[in-house]
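Below: one structure, written as structure tokens.
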Amino acid sequence: MSANLSAFFYLISGILFILALRGLSSPETSRQGNYFGIAGMIIAMIVTFLSVGNFGTGFIYVLIFLLIGGAIGAFIAFKIPMTAMPELVAGFHSLVGLAAVFVAISAFLKPEAFNLGTVGNIYLASLIEMSLGAAIGAITFSGSIIAFLKLRGIMSGAPITFKGQHLINLFLGLTIIFLIYYLCVSQSSNIFWTLVTISFLVGVLLIIPIGGADMPVVISMLNSYSGWAAAGIGFTLENTALIITGALVGSSGAILSYIMCKGMNRSFFNVILGGWGATDQASSSKSNEQKPVKNGNADDAAFLMKNASSVIIVPGYGMAVAQAQHALREMVDALKKNGVKVSYAIHPVAGRMPGHMNVLLAEANVPYDEVFELEEINNDFANCDVAYVIGANDVTNPVAKSDPQSPIYGMPVLDVEKSKSVLFVKRSLSPGYAGIDNDLFYRDNTLMLFADAKKMTEEIVKSL
Amino acid sequence: MEIDPFIFRLSIFILSIFVGYYVVWSVTPSLHTPLMSVTNAISSVIIVGAIIAALAGSSNNIFEPSNLFGFLAIILAAVNIFGGFLVTQRMLQMYKKKKK
């Protein structure tokens, strides 16, 4: 296939990818969007086979490896529980990163195959592009692995910090830039390997200081990196589909990181430099220990909600951990039978990745038009009888509005305390991730339900 | 003077960033998780590079180091393509409207 014709088809697949993202503007069009994405991918792959035009033994092997990878991917996609989506996405990011590194290595080892010059004499621009692709890919890979381990619970979610951390990162970052420069001058393969190794190291160092609840930002950021890595490789291969996709994914991840940071009222750098919560914990949780709390059981909760006319449910990460979404749906069904109006309020950073709660509720067959974002529903708390907080904590803390000393001051929170009564399902009075005591526990209109989120919800269903 | 083709690719890149910016802002927040999984799947179009790498060179010796890296990249990208699109599809199937 001629280079011009294939470039044209790559453009088409790039456009199909844009349409795939466009489809996600509403759930109705989203499924069609996904088919556009699949079509774009198939076109890109067929065009590549035709333009390489090598249908010998190698082609058979390519198909075999394609099927092996595909089978693994399909198996994972069908088996993965929805609560594990954050670690799945982190895992997938690491694969994109590593694939980018491998392609860059291959291009470096055999530049002729990609029309990039010859070994030891690779074009300057290509060399810069492939080393950038390799470096960003490597950072994406090792960073995503760390994020995966933290989300999976294999590694503690606590931030790992040490003295001089930022200086070391800065030094390594400058080293990468220097190595790229030196690589262009010398074309030495040793430099190339050093560059890749250091980039792997930077990925690890970049993610270890970031705590578990900041994972929404981390995942979005790595999403963005995987896009930039793909774009870097796209420039090397002079491939429009890759360049377009890289730019799309890169900006998508960047926007998501921005939305997540805004949801926590923190700057991007504040999150990336890490270590939040580690220092505040000791000072804040002491003073409030003596305050009285009202303690309730499932029957009280069932009675309150049955007699309410409207209930708003506030889910958080705790619901995902307890796998309580199905029990919650049963509870809501029972309430609706009693003529109670129920809606769900989702904070932007509830859960461990953007949109995490929405997927879990969708899995439990909650219709998406009962689920509302913070801005849409926040005024409704004042008119609602019962707010049922399940597995959320910091995102409901009224301190964020009242106490300028608090580390979460200024963070947008759900105005849960404005509802007539608050049911707060929690295992203990321990502070949330930010290490701040939640004022809501001690309010007169709050009834604490000390139990596992799933068990408590099931008990409420029974007493309804 | 002729314009370097690099400039054209750079133009496509920058324009795509803008397209991405506006398209992604229009994505409804409730679909942010599928957005991440589908961007994951489409960024695996890097498989294009992997295929070229794997098939490079003469067909008698298809297991040179550069080909091997290509084959490895094909496996990784294929996991992502199939896994990414299928898991997105699975999630999107779950988003339903209220039964009236």
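Between A:114, A:148, A:98, the Cα set farthest toward the positive side of the dipole of the stretch A:1-159 (charges on each charged residue's Cβ, about the Cα centre) is that of A:148. Divide the volume of the convex hull around the Cα atoms of chain A by the residue count and you get 145 Å³ per residue. Remark: relative contact order (chain B) = 29 percent; criterion is Cα-Cα distance under 8 angstrom and separation of 6 or more residues.
Which one of B:18, B:69, B:85 has the biggest mean-square fluctuation once chain B is modelled by GNM with Cα springs under 10 Å? Maximum among the listed residues: B:18. Placing unit charges on each Cβ (+1 for Lys and Arg, -1 for Asp and Glu) gives the protein assembly as shown a dipole about its Cα centre, and among A:175, A:223, A:304 the Cα reaching farthest toward its positive end belongs to A:304. Cβ crowding within 10 Å, taken as a proxy for footprinting-reagent exposure, orders A:439, A:299 from fewest neighbours to most as A:299, A:439. Membrane-span-like helices of chain A, defined as complete DSSP H segments with a Cα extent of 20 Å or more along the helix axis and a mean Kyte hydropathy of at least -1.0, are identified as A:3-23, A:27-52, A:57-79, A:85-109, A:124-152, A:165-186, A:189-207, A:215-237, A:240-263. Adding -39500 (n - 2.57) for every DSSP H run of four residues or longer, then dividing by how many residues chain A holds, sets the calculated 222 nm ellipticity at -19500 deg cm²/dmol. With contacts taken as Cα pairs under 8 Å at a separation of at least 6 residues, chain A carries a relative contact order of 14 percent. Simple rule: put +1 on each Lys or Arg Cβ and -1 on each Asp or Glu Cβ in chain B, find the dipole, and look at B:67, B:86, B:53; the Cα lying farthest toward the positive end is B:86. Across the stretch A:399-404, rounded Karplus estimates of 3J(HN,Hα) from the backbone phi angles (6.51 cos²θ - 1.76 cosθ + 1.60, θ = phi - 60°) give 4, 4, 9, 10, 10, x Hz, Gly and Pro being marked x. Of all DSSP beta bridges in chain A, what percent run antiparallel (nearest 5)? Taking every DSSP beta bridge with both residues in chain A, the antiparallel ones total about 10 percent.
Distance between the C-alpha centres of the stretch A:23-57 and the stretch A:339-353: 34 Å, rounded to the whole angstrom. Each Lys and Arg Cβ is given +1 and each Asp and Glu Cβ -1; about its Cα centre, the protein assembly as shown then shows a dipole of about 920 debye. For residue A:454, the aspartates and glutamates whose Cα falls under 17 Å of its own Cα, not counting residues fewer than eight places away in the same chain, are A:299, A:300, A:330, A:333, A:363.
Restricting the calculation to Cα atoms, the stretch A:100-156 shows an Rg/Rh of 1.22 when the hydrodynamic-style radius is the Kirkwood one.
Estimated at 0.36 nm per residue, the fully extended path between residue A:178 and residue A:445 surpasses their Cα-Cα distance by 90.1 nm. Mind pulling the angle between the C-alpha long axis of helix B:32-43 and the longest principal axis of chain B? Nearest 10 degrees, somewhere in 0 to 90. It is inclined by approximately 20 degrees. Relative to its residue count, the stretch B:1-83 spans a Cα convex hull of 107 Å³ per residue.
Contact order, relative form, for the stretch A:43-146: 30 percent (alpha carbon pairs under 8 Å, 6 or more residues apart, mean separation divided by residue count).
FYI, it's all coordinate maths here, none of it is from the lab. As the structure is a prediction and not an experimental result, all values here were calculated from the model. Here the Cβ is made from the backbone with ideal geometry for all residues, glycine too, and neighbour counts use every protein chain on show.
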